[in-house]
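Written below as structure tokens is the structure these notes are about.
The values are calculated or read from the model by the stated rules, or taken from the named source; none is laboratory data. This structure is a prediction, so every number in the text was calculated from the model and none was measured. Cβ: placed from backbone, ideal geometry, glycine included. Neighbour counts: every protein chain shown. All accessible areas refer to the heavy atoms of the entire protein, side chains included, with ligands and DNA or RNA removed. Shrake-Rupley method; radii C 1.70, N 1.55, O 1.52, S 1.80 Å.
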Amino acid sequence: MNTLVTSDTHLSCDKNLANHNPSSDLLFGIGAYQVWGTLGWHDIKQRYRRSVLGPFWFTLSTLIMVVVLGLLYSQLLNQEISTYLPYLAVGLVVWQYLASAVNEGCAAFIGSAYLIKQIRLPLTVHVCRIAWRNFVILLHSLPVVILTLLVFGHWPTPEILLLPVALLILWLQGVWIGVALGILCARFRDIAPIVTNLVQVAFFFTPVMWSPEILKDRAWVADFNPLYHLIEIARGPIVGKPVLLVSWVWALGLLIVGFTFAQWLMNKYRNRVPYWL
Amino acid sequence: MGVEFPIYENSHRSLKKAVLNLSTGGRIGQDAGKQSIVTALDNINFYFEEGARVGLLGHNGSGKTTLLRVLSGVYSPVRGELRVVGSIASLLDVSMGLDPDATGFENIYLRGILDGLNPAKIRSKIDEIADFSELGDYLNLPVRTYSSGMMLRLAFAISTSIEADIIIMDEWLSVGDAAFSAKAASRLESLVGKASILVVATHDPSLVARVCNRKLMLEHGRIISDEPVAAPVAA
């Protein structure tokens, strides 16, 4: 039931990437940062080849989106624009990342079928590539958030130091989500459209454009929404809110549960995935 | 070792079926059990020792390429076990992963990364690959602007630039016009010469006679004969 590749390292390969098994796939995959880093970065370059602004299109389109939606919804929801705009900006940027991590995660293995069937790599590499690509996009959008803060004269507070940790957590969430959905969607082709729809609906249930305060006694809608907490761990440090322990616990808890699930799927189905593609 | 491919027809691939099966507790279960399975390889046993030059022969669909894919680690055996000692280079589809929109140099780099090389090592190889492919300044252009012959040259140069203990090949590679073809042949031969095991699938018995010292015949996913090939008569 197994493929065992043992290799001596004196040869050209520094780390033999083929030398993994279902249970070490996640670890080997995440460790192969050179592979997914290069491929993910290549995807970004590819998307904006021959364009003048290149990846800064992400920055520009986020800026337009935030300004237009910010002006509109601060009126509709009766919010003070100087606090609403930064709030919305972080929410939108993190949401974009999470939504594309989920949606593209569904196609992680299907889309990389041409590689999976040709060369033995940890499957997690293909997922990390997507997570990294979306993470780079997230980083290109973050300046917009900082800009909205500076325009209204908010200066970063010491909490900003937590931002790198929050970003790391977000990236890791992208990895387990991609592994889990990638495996499930490779086997059951109906799951991808279902997930896409759920993501769309979830956008309206998650406090991205509105703040949970307006829910009043229905605040549990936000309190039990893991997506809300994922946004919150990034939003807190950026807008300088005191550390929200609940959100960090949710985010870390989700990470543990998620990776356990992904590891279980890998153990069980890693070797089946190439047959399903 | 055995390999079976489940063939999911539309109905089997959907979640609906699985959920219905769960809820109706096995009544439709028979139906799910009927999903067609192609046994691509069945009861395959062999041991290739150092120095083996193995030729795989067989009709189309006899399982040659599937066996090569199993050897290269893409498909894990459904039954049994595969043990590989050493590094593997598979030349199954040489134009694998050539990105038409990226330049020749970028493609060399990407392929090196996929093979697990570090950037310094790749950079040292780039010159060698560029030299061999004779593509010169074209390497700065996107691959989609290449003629198909040029693309093959690049693909060949890239995939034969790796060193490995075990080489897996689907048909003996040959590329290019007369002059290049001779150069390619000698490069391939030196690559194979350095490797300790070669497995090549082919339809050409004369190739087997020329390079192989062992020949496996496959039919319907089974080995029907496994015999040594006499050393070629010195020319």
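Numbers at a glance
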quantity: Computed over segment A:208-260: relative contact order in percent, which uses C-alpha pairs under 8 Å that are six or more apart; calculated: 27
quantity: Using a Förster distance of 60 Å, the FRET efficiency for residue A:267-residue A:216 (Cβ separation, nearest 0.05); calculated: 0.85
quantity: Anisotropy class of segment B:110-228 from Cα gyration tensor, a/c 1.5 cut; calculated: prolate
quantity: Shielding by other protein chains, A:104-117, mean Cβ within 10 Å; calculated: 1
quantity: Loss of accessible area when B meets A, both sides summed, Å² nearest 100, probe 1.4 Å; calculated: 4100
quantity: Delta accessible area of at least 30 Å² on complex formation, residues of segment A:175-190, 1.4 Å probe, chain isolated as reference; calculated: A:187, A:188, A:189, A:190
quantity: Gained length - residue B:227 relative to residue B:105, 0.36 nm times residue gap less alpha-carbon distance; calculated: 39.6 nm
quantity: Length-normalised contact order for chain A - Cα pairs under 8 Å, 6+ apart - percent; calculated: 26
quantity: Spin-label pair residue B:95/residue B:47, simplified geometry with 7 Å Cα→Cβ offset, distance in nm; calculated: 4.2
quantity: In sequence order, calculated HN-Hα J values of segment A:48-56 (Karplus, 6.51, -1.76, 1.60; Hz; x Gly/Pro); calculated: 10, 4, 6, 9, 5, 6, x, x, 6
quantity: Within segment B:38-70, chymotrypsin sites (Phe, Trp or Tyr not before Pro) in DSSP loop having at most 10 other beta-carbon neighbours inside 10 Å; calculated: B:47
quantity: Simple label model, 7 Å out from Cα along Cβ direction - residue B:179 to residue B:83, nm; calculated: 5.0
quantity: Shielding by partners - mean other protein chain Cβ count within 10 Å, residues of B:69-82; calculated: 5
quantity: Per residue solvent-accessible surface (Å²) - segment B:166-235, probe of 1.4 Å; calculated: 51
quantity: Average accessible surface area per residue within chain A, 1.4 Å rolling probe, Å²; calculated: 45
quantity: Average beta carbon contacts from partner chains per residue of B:106-118, 10 Å cutoff; calculated: 5
quantity: Carbon/sulfur fraction of accessible area - segment A:37-193, other protein chains in place, 1.4 Å, %; calculated: 72
quantity: Sequence ranges A:251-259, A:227-235, A:153-161, B:173-181, ranked by mean other-Cβ count within 10 angstrom, highest first; calculated: A:227-235, A:251-259, B:173-181, A:153-161
quantity: GNM flexibility winner over chain A from A:113, A:219, A:192 (Cα, springs under 10 Å); calculated: A:219
quantity: Cβ crowding within 10 Å averaged over residues, with B:209-218, A:63-72 ranked highest first; calculated: B:209-218, A:63-72
quantity: Alpha-carbon gyration tensor eigenvalues x 5, square-rooted, for chain A, Å; calculated: 36, 20, 17
quantity: Residue (of B:152, B:180, B:211) at the positive-pole extreme of segment B:145-235, dipole from beta-carbon charges; calculated: B:180
